[in-house]
Amino acid sequence: MAYISFQPKDYFNTKIFTGNGSTQSITGVGFEPSLTWIKNRDHANHNVLFDAVRGGSKVIYANLNNTEATASGVTAFDSDGFTLGNDSDTNRNTNSHASWNWRASGTSGSSNTDGSTTSTVSANTTSGFSIVKYTNPSSGSPFTVGHGLGAAPKMIMIKNITGSAQNWGVYHTAPGFGKYLQLNTTIDEATANLVTATSSTTFSTYYDHHTAGVDLIAYCFAEIKGFSKIGFYRGNGNADGAFAYTGFKPAFVLFKEYTGAGDANWVIQDSKRVGFNPNNNRLFPNDSAAENTSSFRIDMLSNGFKLRSSDGDANENGNNFLYLAIAEAPLVSSNGVPAVAR
């Protein structure tokens, strides 16, 4: 069984809020976020990401290949949430928005010299999450980047924030080293030297994957038993779908098909937007579309999640799907109270 000595909600939390079209402070997150990802549920607005290392009002888009821009979205990270400006992507009047919030160090980061290139890192070793900013060198492949986790990351999402537009690169342990996906597209796994090795202190990458001299941001995830699971499952193509064991009741699941003849969307499910099983509303990181309320079904169970649909985005027969799952509650916590499904 999975045991942890902390509350998952102290390191990750989904917060739903209603936009007012002006400015407002969103509270109730439970901590000062280091990364806040926001998506409008009711309208076709971008998936927007703000983090404490790059600073308030600096936005990147999960569904676009654009570099960093300045926007009045999340203008500040607060002790119990964040402050919003009047940007339509994050605060459209009367619209419901989902925000997914991660806690790293709670600071703007510090210098890390573990790798061959110096990085700025905000890391939380308890939850296995770090934000890493570094500059791509002009030579020296592979080069290494310090990530601050104290454990090898199993998933890394990388985006250039300066230079010319370029797709996201996502490393995940399921496809493995030398393979990558693009957060802003539907393509399956492809081959490139995005991440070629990981250790407890660094990850290795090649300078020629990005333009020399550009700045990059990396969101790194290590697996923490009872809090996060980074794995894969194989689709079976029917309503009695695949089951993924996590050892906890999920609060958040991000998944993507990575093998097969056709391409598929990235999908985000969480336990807040519906609040009961089967959770049937999905958002697509690679798309600006509003929340999809079709016949898609997923059960968030006490020890994992189970697909309840033959939908191609999540359960195509014979295809492999990678995922990142984060706990709402472990199967058994340090207080001995078992998790229960809704």
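Points to keep in mind about this one:
- Accessible surface of the chain, 1.4 Å probe, proportion on carbon and sulfur as whole %: 44 percent
- Residue-normalised accessible area of segment 80-225, expressed per residue, 1.4 Å probe, Å²: 34 Å²
- Projected onto its three principal axes, the C-alpha set of the chain covers 51, 46, 42 Å, listed from the longest axis down.
- Where only DSSP H runs of four or more residues are counted, the chain gives -500 deg cm²/dmol as its mean residue ellipticity at 222 nm, each run worth -39500 (n - 2.57).
- The fraction of all Cα pairs in segment 188-342 landing in successive 5 Å bins from 0 to the largest distance is 2, 9, 16, 19, 18, 15, 10, 7, 3, 1, 0, given as whole percents.
- Viscosity 0.890 mPa s, 25 °C: Kirkwood-radius Stokes-Einstein D of segment 113-255 over Cα pairs, µm²/s: 154 µm²/s
- Note on segment 35-108 and segment 244-287: Cα centroid distance 20 Å, given to the nearest whole angstrom.
- For segment 245-316, the solvent-accessible area works out to 29 Å² per residue, with a probe of 1.4 Å and every protein chain left in place.
- In order through segment 12-20: 3J(HN,Hα) via Karplus (6.51 cos²θ - 1.76 cosθ + 1.60), integer Hz, x for Gly, Pro: 8, 7, 8, 10, 9, 8, 9, x, 10
- When the listed pairs LYS159/LYS225; LYS159/LYS272; LYS154/LYS306; LYS179/LYS272; LYS39/LYS256 are checked against a 24 Å cut-off, the alpha-carbon distance exceeds it for LYS159/LYS225; LYS159/LYS272; LYS179/LYS272.
The values are calculated or read from the model by the stated rules, or taken from the named source; none is laboratory data. As the structure is a prediction and not an experimental result, all values here were calculated from the model. What goes into the accessible areas is simple: the full protein's heavy atoms, side chains included, and nothing from ligands, DNA or RNA. Shrake-Rupley method; radii C 1.70, N 1.55, O 1.52, S 1.80 Å.
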